[in-house]
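Inspection log for the structure reproduced underneath, given as structure tokens.
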Amino acid sequence: MKEQREGFRSFMQAALDEARDAALRGEVPVGAVIVRGGQVVARAGNRTRELADPTAHAEMLAIRAACAAAGSERLTGHDLYVTLEPCPMCAAAISAARIDRLYYGAADPKSGGVSVGARVFSHPQCHHVPQVYDGIAATEAEAMLKAFFAERR
């Protein structure tokens, strides 16, 4: 269910900027931004290859940075914008961090963990379910991903 929030301001362009930067580094172009009170508190793009770390997804890096800034493992009152539907690992981290709202762009029919695949937030073991808003700037996010993979084929 989608709702129109009064005074809503999207930060998806900032996430798309992070995705573009990731692509320039040779990473899969996914970007994430965490916001609290209308201010960006953390931003990241994928760095799995650069860091030789399979957990260095944009969402994970942004969550780590936001937790460090907050001095807490909990990010209540925070929103996450990410250009691609989070995978199951990232969805579990979003739940564990208690992020209030998740906004994502492109659906991920192959590896998604929110609307397809594992559907982490629908499991009874999921302790916290954020409000989820999908399809934000999906066309631009999808185009960036398709172009990235087309170059490598």
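The values are calculated or read from the model by the stated rules, or taken from the named source; none is laboratory data. The structure presented is a predicted model; accordingly, all values stated were derived computationally and were not measured. For neighbour counting, all protein chains shown are included, and Cβ atoms are generated from backbone atoms with ideal geometry for every residue, glycine included. Surface areas here come from the heavy atoms of the whole protein model, side chains and all, with no ligands, DNA or RNA. Shrake-Rupley method; radii C 1.70, N 1.55, O 1.52, S 1.80 Å.
Applying the criteria of a DSSP loop state and at most 14 other Cβ atoms within 10 Å to the trypsin sites (Lys or Arg not before Pro) of region 13-105 yields Arg25, Arg74.
Over all orientations, region 50-96 has a Cα convex hull whose mean projected area works out to 3.6 square nanometres. Convex hull volume per residue, computed on the Cα atoms of region 7-48, equals 51 Å³. How high is the FRET efficiency between Ser72 and Gln131 when r is their beta carbon distance and R₀ equals 22 Å, given to the nearest 0.05? Given R0 = 22 Å and the Cβ-Cβ separation, E is 0.60.
The C-alpha atoms of the chain define a longest principal axis, and helix 12-24 lies at about 30 degrees to it. Rounded, prolate or oblate: which fits the chain when a ≥ b ≥ c are the square roots of the eigenvalues of the alpha-carbon gyration tensor, with rounded for a/c under 1.5 and prolate only if a/b beats b/c? Rounded is the answer for the chain, as its axis ratio a/c remains below 1.5. Comparing mean-square fluctuations of Glu18, Glu73, Glu85 from a GNM of the chain with C-alpha springs under 10 Å, the top value falls on Glu73. Average accessible surface for region 20-137: 44 Å² per residue, computed with a 1.4 Å probe over protein heavy atoms with every protein chain in place.
Measure nothing fancy, just the Cα-based angle from helix 58-70's long axis to the longest principal axis of the chain, in degrees from 0 to 90, nearest 10. So the inclination is approximately 40 degrees.
Solvent-accessible area of the chain (1.4 angstrom probe, protein heavy atoms only): carbon and sulfur portion equals 53 percent.
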